[in-house]
Amino acid sequence: MHDHDHHPEAHAPIQDDGEGSYDEKLTWAILSLLVEKGVLSGDEVRAQIEDTDSRTPAMGAKVIARAWTDPAFKARLLANAKDAVAELGIDTGSAPVLVAVENTERIHNVIVCTLCSCYPRTLLGRPPDWYKSLNYRSRVVVDPRGVLKEFGLELEPDVEVRVFDSTADMRYLVIPQRPAGTEHMTEEELAQLVTRDSMIGVTRARQPGITVSAPA
């Protein structure tokens with residue numbers, strides 16, 4: 001985890017640096033080698049790919065909506081996220097340790113993987129290209145406020161920004177702040193306000209009545 005103060009320097013917007021295609025080629029090369037050596041079967045590889053493809057941010061949104069409406073569940077989520085999400089029927093299997101961190105009025109959390117693209121795929125699906133880019137990975141730990149501003153999120157100077165670096169052994173999930181004026185909304189309605197980017201920490205949850213197109 002990294003704590004940061006305000007840095008006013010401007011930066012170029014987050015852009016895709018093309019690493020995704022290289023990572024995909026490397027992944028397929030390794031998988032092909034494992035199949036060739038008999039370590040994995042083609043069926044096992046296909047089953048894992050199908051499972052990964054079935055995961056979407058809607059699973060994470062379901063978890064966040066429950067945390068917003070059930071204080072006891074949120075406490076369990078913060079204490080042991082893997083066990084808590086299992087209560088909702090979400091199987092994380094042999095996935096790495098999952099840690100939930102909560103955004104508040106005074107603390108804002110954002111996640112990154114500085115080495116590669118470690119990401120809570122069991123809850124959010126595949127990571128976006130910008131999350132895997134060297135641009136984001138190298139800059140968000142140095143100037144998180146500048147990077148967040150590029151996503152349209154400007155935090156007050158007295159808000160502490162905490163950057164969590166995901167690893168092969170540990171993944172993070174941000175619990176975004178619940179938007180004001182949502183006390184009347186059902187859990188299902190609240191889940192519609194939770195976006196992938198808000199669970200990474202680069203944006204806030206949507207305000208009621210605001211709709212946007214699905215992220216790329």
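Worth pointing out:
- Across the range 130-163, the number of residues qualifying as among the hydroxyl-bearing types (Ser, Thr, Tyr) and surrounded by fewer than 17 Cβ atoms within 10 Å (Cβ to Cβ) comes to 1.
- Tallying residues that are β-branched (Val, Ile, Thr), in a loop (DSSP other than H, G, I, E, B) and within 17 Å of MET59 (Cβ to Cβ) within the range 85-139 yields 2.
- Matching residues in the range 171-195 - criterion: being among the charged types (D, E, K, R), crowded, with 16+ Cβ neighbours inside 10 Å and assigned to a loop (DSSP other than H, G, I, E, B): ARG178
- Criterion violated by GLY89 - all others in (1) surrounded by 15 or more Cβ atoms within 10 Å (Cβ to Cβ); (2) farther than 16 Å from ARG204 by Cα; (3) not hydroxyl-bearing (Ser, Thr, Tyr) satisfied: (1)
- Selected residue (only one of GLU102, GLU150, GLU154 is under 17 Å from LEU78 (Cα atoms), assigned by TED's automatic domain parsing to the domain that holds ALA67, at pLDDT 95 or above and of a type outside the set (Phe, Trp, Tyr)): GLU102
- Complete set of residues in the range 142-170 that are in contact with a helix residue (DSSP H, G or I) (Cβ under 8 Å, 6 or more places away or on another chain), outside any loop (DSSP other than H, G, I, E, B) and not aliphatic (A, V, I, L, M): GLY146
- Any hit, the range 1-17, residues being at pLDDT 60 or above and either outside the structural domain of GLU188 (by TED's automatic domain parsing) or over 23 Å from THR195 (Cβ atoms) (or both): yes
The values are calculated or read from the model by the stated rules, or taken from the named source; none is laboratory data. Because the structure is predicted, anything quoted here is derived from the model rather than measured. Quick reminder, even Gly has a Cβ in these numbers, built from the backbone with ideal geometry, and neighbours come from all protein chains shown.
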